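In what follows, a single structure is set out as structure tokens and then discussed.
Coordinate-derived values only; no laboratory data. This structure is a prediction, so every number in the text was calculated from the model and none was measured. Here Cβ is always computed from backbone atoms with ideal geometry, including for glycine, and neighbour counts include all displayed protein chains.
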Amino acid sequence: MSVTGTIVPARLGSTPEDYARLGIAPGHIEPREDGMRTDGSAGTYEWWYFDAHLADGAKLVVVFFTKQFTDLKKSLDPTIRIDLTLPDGTAIQKLVEFDPEAFSASTEACDVRIGDNVFAGDLHRYTIRATLEDVEVDIALTGQVPAWRPETGYWNFGDDGDYFAWLPSVPQGAVDVTYSAGGRAVTTSGVGYHDHNWGNASMLDLMHHWYWARGAAGPYSVIASYITAEKRYGYAELPVFMLVRDGQLIGDDGAKVTFEELGRYTDQHTGKPVGNVTRYTYTDGDERYVVTYNRHHDLTASKFVDNLEGPKKAAAKLARFDGAYLRFTGEMRVERYKAGQLVESHAADALWELMYFGKARP
């Protein structure tokens with residue numbers, strides 16, 4: 001526990017001791033790392049996430065949770081979320097809880113079942129099927145970029161064993177999907193992504209906010225994130241960056257990343273400060289890569305209390321909890337500079353998010 005007024009450390013696990021303790025190896029990812037990593041008990045959380053840009057203009061997000069991370073006191077409380085934005089811009093959001101008996105998951109590989117819904121794969125090929133009310137999705141995802149993680153993938157907060165873990169199992173993949181909303185089925189293809197998150201302490205206590213983004217433009221694939229820890233951890237800034245060219249990793253050293261948040265405004269619904277443009281610059285010798293996300297519009301802008309009901313909602317409001325989640329779509333541009341000269345520039349559509357747990361800082 002931290003002493004009042006004392007800043008305690010927050011860091012990405014990267015030492016030989018960290019790897020040995022977790023039983024994993026640098027640069028080598030095993031299928032079991034995408035299997036269930038917690039036991040679903042109170043105090044833990046875990047989810048498997050998928051998103052895609054589709055050729056018909058639709059955007060799709062599917063998440064299988066062991067429980068919602070805003071209510072870690074629960075034991076197993078399986079939940080599925082589907083966010084589907086249709087080509088005409090219509091946004092459909094479904095969030096359904098299931099009985100604990102409906103949940104099963106392998107510890108040897110990603111094979112998660114919640115009722116008749118499936119999220120399963122082997123770090124390369126995945127099948128995702130889910131039906132929530134009148135929305136149904138059937139997804140085949142095939143990896144185009146190998147699974148990757150930043151160092152161990154575990155961020156350690158303090159000295160009591162609190163952690164947050166993250167594995168981008170498919171940083172970029174080809175997608176074939178059939179989706180149905182209101183009985184009308186559409187079959188299309190696109191570009192997708194899958195990652196896996198888990199932990200043993202409330203993210204509300206560990207992190208103040210984070211930006212997370214991904215995208216592909218020209219020969220480049222990018223995952224970029226900038227995590228700001230909570231006040232007790234000195235608002236430590238924890239950058240994450242993966243840059244792949246033609247399927248080969250060319251940069252993932254967070255120490256070489258600088259982050260900028262430009263054109264800040266206050267989102268009217270959530271009250272959170274948002275960067276209209278976010279930029280990651282990766283400097284490696286005389287080469288410099290600049291990855292810029294330029295927001296065009298919001299897919300989601302919601303307060304966490306919007307998804308709560310009854311006593312939980314009343315308690316959250318009484319505690320003045322104002323956490324929020326925003327998801328954006330717009331342009332990602334990758335620029336490569338050599339000895340200060342621009343030698344490459346590529347742009348494409350991208351998705352990114354801002355997860356805001358803490359209160360807005362002055």
So which of K59/K231; K74/K359; K74/K256; K73/K359; K338/K359; K256/K303 end up more than 29 Å apart by C-alpha?
K59/K231; K74/K256; K338/K359; K256/K303
If K59, K231 are placed from fewest to most neighbouring beta carbons inside 10 Å, the sequence is K231, K59
Work out how much length A255 to Y235 would gain on full extension: take 0.36 nm times their residue separation and subtract the Cα-Cα distance, in nm to one decimal.
5.5 nm
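Kindly state, as a whole number, the per residue volume in cubic angstrom of the convex hull around the alpha carbon atoms of region 203-362.
Roughly 125 Å³ of hull volume per residue.
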Under the rule a/c < 1.5 gives rounded, and otherwise a/b versus b/c splits prolate from oblate, where does the chain land using the Cα gyration tensor?
rounded
When the dipole is taken about the Cα centre of the chain, and only Lys, Arg (+1) and Asp, Glu (-1) are charged at their Cβ, what size is it in debye, to the nearest 20?
1020 debye
